[in-house]
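The values are calculated or read from the model by the stated rules, or taken from the named source; none is laboratory data. All figures in this text were calculated on a predicted structure; none of them were measured in a lab. Here Cβ is always computed from backbone atoms with ideal geometry, including for glycine, and neighbour counts include all displayed protein chains. Areas reflect the complete protein model, heavy atoms only, side chains present, ligands, DNA and RNA absent. Shrake-Rupley method; radii C 1.70, N 1.55, O 1.52, S 1.80 Å.
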Amino acid sequence: GHGTDVALVAGLLGWTTDNAAIPESFQAAREAGMEIAFIPTLEVTPSHPNTVRFHLSGDGRSVTLTGISVGGGQICLTEIDGFAVEATGEFPCLLTVHEDKPGVVALVSSVLSNSGINIAQMRVSRRQKGGVAVMLVETDQAVEERTLAALEKLPHILQARAIPPVV
């Protein structure tokens, strides 16, 4: 009744909350080649009543995101592929998947600094010591492809992705 489904699809399309076409977001998604399915589940007990989990795939990649709608079109991203994160979508972000080894954070910070990118906030999350970890870095500037390429050449970095801010 609140239009959450059409609003979520509009968000996936990159539309702002004031877009008059939001009620037609499903049609626009189909026209853009997106396949959308909503699966209500009680598989996970959400910490917030407005929690949604996305399973997104395309171009040979996939990701699972969990977030919370906190009202007024604002969100809080709380999980990426099962790793705890915390991001509002206000800033551009860098997401790294890496081995949990000493010095990885310093190496990533150095590449960002050398690229003229300032760190606004950072959170590192791991499931177990010495295993795979993720780092979500909110930045003042967008992380460009050349910086991502430099990051992916670093030891212990398995993947680096840029996440644009929510418009």
So T16, is it open to solvent by less than 50 Å² (accessible area, probe 1.4 Å) and in a loop (DSSP other than H, G, I, E, B): yes
Where E79 falls short, out of the listed (1) in contact with a strand residue (DSSP E or B) (Cβ under 6 Å, 6 or more places away or on another chain); (2) modelled with pLDDT of 95 or more; (3) not basic (K, R): (2)
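Yes or no, residue by residue, for (1) open to solvent by less than 70 Å² (accessible area, probe 1.4 Å); (2) among the small types (G, A, S):
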| residue | (1), (2) |
| --- | --- |
| A29 | yes, yes |
| G72 | no, yes |
| I75 | yes, no |
| H98 | yes, no |
Residues of the stretch 125-167 that turn out to be assigned to a strand (DSSP E or B) and either farther than 19 Å from D100 by Cα or open to solvent by 80 Å² or more (accessible area, probe 1.4 Å) (or both), as a count: 6
Residue pairs meeting the criteria (Cβ under 7 Å; at least 6 apart or on separate chains; first closer than 22 Å to A84 by Cα, in the stretch 107-130; second aromatic (F, W, Y) and open to solvent by less than 40 Å² (accessible area, probe 1.4 Å)): S125/F83
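Regarding P23, is this residue open to solvent by 30 Å² or more (accessible area, probe 1.4 Å), more than 16 Å from I163 (Cα to Cα) and not in a loop (DSSP other than H, G, I, E, B)? Give the steps one after another, and end with the answer.
Details: open to solvent by 30 Å² or more (accessible area, probe 1.4 Å): yes; more than 16 Å from I163 (Cα to Cα): yes; not in a loop (DSSP other than H, G, I, E, B): yes.
The answer is yes for P23.
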Unmet criterion (only one of (1) out of contact with any Lys or Arg (no Cβ under 8 Å at 6 or more places or on another chain); (2) at pLDDT 95 or above; (3) surrounded by 15 or more Cβ atoms within 10 Å (Cβ to Cβ)) for G116: (3)
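Would you mind stating whether L107 is open to solvent by less than 50 Å² (accessible area, probe 1.4 Å) and of a type outside the set (S, T, N, Q)?
no
Can you find a residue that is of a type in the set (A, V, I, L, M, F, W, C), in contact with an Asp or Glu (Cβ under 6 Å, 6 or more places away or on another chain) and not in a strand (DSSP E or B) anywhere in the stretch 88-97?
The answer is yes, given that some residue of the stretch 88-97 is of a type in the set (A, V, I, L, M, F, W, C), in contact with an Asp or Glu (Cβ under 6 Å, 6 or more places away or on another chain) and not in a strand (DSSP E or B).
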Restricting the stretch 21-52 to residues that are hydrophobic (A, V, I, L, M, F, W, C) and closer than 18 Å to G71 by Cα, the residue that is modelled with the highest pLDDT: I22
Criterion violated by V9 - all others in (1) loosely packed, with under 15 Cβ neighbours inside 10 Å; (2) at pLDDT 85 or above; (3) not in a strand (DSSP E or B) satisfied: (1)
Residue in the stretch 63-82 that is in contact (Cβ under 8 Å) with a residue 40 or more places away in the chain, outside any strand (DSSP E or B) and more than 17 Å from L8 (Cα to Cα) present: yes
Residue tally, condition under 12 Å from Q141 (Cα atoms) and at pLDDT 90 or above, over the stretch 83-113: 6
